[in-house]
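Visitor: Dumping the structure here so I can ask a few things about it.
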Amino acid sequence: MDDQVRRITEFCEFEYGQEPYELSIRREEGRSGKNLERPEIQKILQQAESHAIDIVVVYCLDRLTRSLTDLYELLEQFQKCQVSLVAITDHIDTSTPIGRFFVSIIVLIAQWELDTLSSRTERGIAESLMQGNYARGKIPFGFKRKDEDPHLIEISPDDAAIIRRIFTEISEDRESCYTLAKKMKEEKLLGRMWSELGLKVMIQNRLYYGCLQTKDFTHENYIEPIVTKEVWDKA
């Protein structure tokens, strides 16, 4: 650490010593570069956002971060704040054309890595859904995970009764989402904060008539429906 500080200090004096400048050293003792959740990094980002710094100098890139995706995020923020990044041993200086070229290669690799991971994740979720699993995080109101297999979902009878009421009042009684949400709030139904937007999102969810739709496929009979397709259409 002391050696890094000395080299950074000498580098700054050599590169920027012709004009007055202020050098602030930030040390992180015993901290890994595996992520950006580190106090000193966060302070640097705050300084960048407030335009309190012009240049960030590191001994080498892996002292800043070991993750390409984190580096990509840092570079984007630095660019937005007009802050240059200099890595002494890696001979990278984003204030120069060649430095920006090398960093653009790093950013492209990081973006490729992100896109590949995203695509792989989407394929995995789609395959899981095709096998009947519910791999979409939050479960819509009216359903619950099965006790015997938490990868599967089923109707929650008490909540499903409220779903049927919502669809009936909107489709048959011509109740608006605003007035229905207000009525359910006044009833203190389940102690939930019912809202017009919440009901609008709810009645557009195809899962209530048993259909699961993703970007890649539509599973018409994915689960036992709470309401019919006709009622859903009407609502």
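The values are calculated or read from the model by the stated rules, or taken from the named source; none is laboratory data. Bear in mind the structure is a predicted one, so any value in this text is a computation, not a measurement. Don't worry about glycine lacking a Cβ; one is built from the backbone with ideal geometry, like all the others, and counts go over all protein chains shown. Just so you know, the surface numbers come from the protein's heavy atoms only, side chains and all, with ligands and any DNA or RNA stripped out. Shrake-Rupley method; radii C 1.70, N 1.55, O 1.52, S 1.80 Å.
Visitor: Could you grab me the full set of residues in segment 152-176 that are basic (Lys, Arg) and surrounded by fewer than 13 Cβ atoms within 10 Å (Cβ to Cβ)? Don't jump to the end; show me each part of the working.
Guide: Taking segment 152-176 as the starting set, the residues that turn out to be basic (Lys, Arg) are 164-165, 174.
ARG174 - this is the single residue of segment 152-176 that is basic (Lys, Arg) and surrounded by fewer than 13 Cβ atoms within 10 Å (Cβ to Cβ).
Visitor: Does at least one position in segment 7-25 carry a residue that is surrounded by 14 or more Cβ atoms within 10 Å (Cβ to Cβ) and either touching a Lys or Arg at 6+ places or on another chain (Cβ under 8 Å) or at positive phi (or both)? Write out each step before concluding.
Guide: Keep residues of segment 7-25 that are surrounded by 14 or more Cβ atoms within 10 Å (Cβ to Cβ), which gives 7-8, 11-12, 15-16.
Narrowing further to those that are either touching a Lys or Arg at 6+ places or on another chain (Cβ under 8 Å) or at positive phi (or both): none.
Among the residues of segment 7-25, not one is surrounded by 14 or more Cβ atoms within 10 Å (Cβ to Cβ) and either touching a Lys or Arg at 6+ places or on another chain (Cβ under 8 Å) or at positive phi (or both), which makes the answer no.
Visitor: Ok, one more. Among (1) more than 23 Å from the chain's Cα centre (by Cα); (2) open to solvent by less than 80 Å² (accessible area, probe 1.4 Å), which single condition is GLN42 missing?
Guide: Status for GLN42: all satisfied but (1).
Visitor: How many residues does segment 95-151 contain that are open to solvent by less than 50 Å² (accessible area, probe 1.4 Å), aliphatic (A, V, I, L, M) and modelled with pLDDT of 80 or more?
Guide: 1
Visitor: Of all residues in segment 47-80 being in a helix (DSSP H, G or I) and among the acidic types (Asp, Glu), which is most open to solvent (accessible area, probe 1.4 Å)? Talk me through it step by step, then tell me what you get.
Guide: Step one: filter segment 47-80 for residues in a helix (DSSP H, G or I), giving 47-49, 61-64, 68-80.
Right, trim to among the acidic types (Asp, Glu) and you get 49, 62, 70, 73, 76.
Numbers: GLU49: 115, ASP62: 67, ASP70: 29, GLU73: 84, GLU76: 97 Å².
Ranking the qualifying residues of segment 47-80, first place goes to GLU49.
Visitor: Conditions first: (1) in contact with a Lys or Arg (Cβ under 8 Å, 6 or more places away or on another chain); (2) under 30 Å from THR214 (Cβ atoms). ARG38 passes all but one, so which condition is the exception?
Guide: Checking ARG38 against (1) in contact with a Lys or Arg (Cβ under 8 Å, 6 or more places away or on another chain); (2) under 30 Å from THR214 (Cβ atoms), the one that fails is (2).
Visitor: If you take the residues of segment 177-235 that are of a type in the set (Gly, Ala, Ser) and without any contact (Cβ under 8 Å) to a residue 24 or more places away in the chain, which of them is surrounded by the fewest Cβ atoms within 10 Å (Cβ to Cβ)?
Guide: Kept after step one, since they are of a type in the set (Gly, Ala, Ser), are these residues of segment 177-235: 181, 191, 195, 198, 210, 235.
Still in the list and also without any contact (Cβ under 8 Å) to a residue 24 or more places away in the chain: 181, 191, 195, 198, 210.
On the way: ALA181: 20, GLY191: 5, SER195: 15, GLY198: 14, GLY210: 18.
Of everything passing the filter in segment 177-235, GLY191 is surrounded by the fewest Cβ atoms within 10 Å (Cβ to Cβ).
Visitor: Another question, then. Spot the failing condition for THR121; the list is (1) assigned to a helix (DSSP H, G or I); (2) touching a residue at least 12 places away in the same chain (Cβ under 8 Å), and only one is missed.
Guide: If we test THR121 against (1) assigned to a helix (DSSP H, G or I); (2) touching a residue at least 12 places away in the same chain (Cβ under 8 Å), just (2) comes out false.
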